[in-house]
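One structure below.
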Amino acid sequence: MFGSDRKVEMVTADSALPGRDQAIPVPARHFVLDSPLRGPFDAGLGRAVFGMGCFWGAERRFWEQEGVVTTAAGYAGGFTPNPTYEEVCSGLTGHTEVVLVVFDPARVSYEKILGVFWEAHDPTQGMRQGNDRGTQYRSAIYTADESQAESAQRSRQDYQERLQQAGFGEITTEIAPAGEFYYAEDYHQQYLAKNPGGYCGLGGTGVTCPIGLDA
């Protein structure tokens, strides 16, 4: 964060940091929503994982949404088990900063949440988001099942058309099945609620995503 210039080439599994067996400890409750931060979550709830640059601002976008039960900052998409923030910043874990979003499908659809994802950042920037550079800031959607994968791909196609009309380039967002989600350290969780004046480098394109409009 803060205009960092990190490694912009993905590390390989063979050269990634080894990590550790122990999970990073986090609070039991969400600082804003007062809901459980860790699972297991109720069977009827949906689960989504998004990477869109610095997770401080990204997490706030989702906890503000109606129907979202809990959110958490974390790491995903790489190789290193239970990484620390410093390890992720090194570019040697393969992880990107992500937000876990647990939501009630009876109150908000996955498509609506996808709309928030697309509109809250610029998905055409590759291994960066604004002044934050490195593989940890890449845009990503990690899907829980085939239905989410289909919705994510469809929304990408629809949003690409809107972006091209507005003069933006190709979307670089990674869409892949969700692997392990690793919780970030305590001080990252709901960071902007605890630090209202804290850094937030998140910025969208100003282009409306059609999938979120009528979902």
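Read the figures in this text as sums done on the coordinates, not as results from a lab. This is a predicted model, so every value here is computed, not measured. Don't worry about glycine lacking a Cβ; one is built from the backbone with ideal geometry, like all the others, and counts go over all protein chains shown.
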Study note, to complete from the structure: Residue separation between THR124 and ARG107 times 0.36 nm, minus their alpha-carbon distance, gives in nm 3.1 nm
Exercise for review: Arrange the following residues from fewest to most other Cβ atoms within 10 Å of their Cβ: PHE50, PHE79, PHE181, PHE103.
Suggested key: PHE181, PHE79, PHE103, PHE50
Exercise for review: Determine the relative contact order of region 46-196: mean sequence separation of Cα pairs under 8 Å and six or more apart, normalised by residue count, in whole percent.
Suggested key: 33 percent
Study note, to complete from the structure: The exposure ranking of ILE24, ILE141, fewest beta-carbon neighbours within 10 Å first, is ILE24, ILE141
Check your understanding: What's the FRET efficiency of THR12 with ARG162 using the Cβ-Cβ distance as r and R₀ = 30 Å, to the nearest 0.05?
Key -> 0.30
Check your understanding: Name the residues of region 11-45 whose amide N is less than 12 Å from a point 7 angstrom out from the Cα of ASP186 along the C-beta direction?
Key -> 25-29
Exercise for review: Starting from the exponent 0.38 and prefactor 2.2 Å, build the expected Rg for region 46-196 from its residue count and divide its actual Cα Rg by it.
Suggested key: 0.98
Review point. What is the calculated FRET efficiency for GLU170 to GLU146, with r their C-beta to C-beta distance and R₀ = 22 Å, to the nearest 0.05?
Key: 0.35
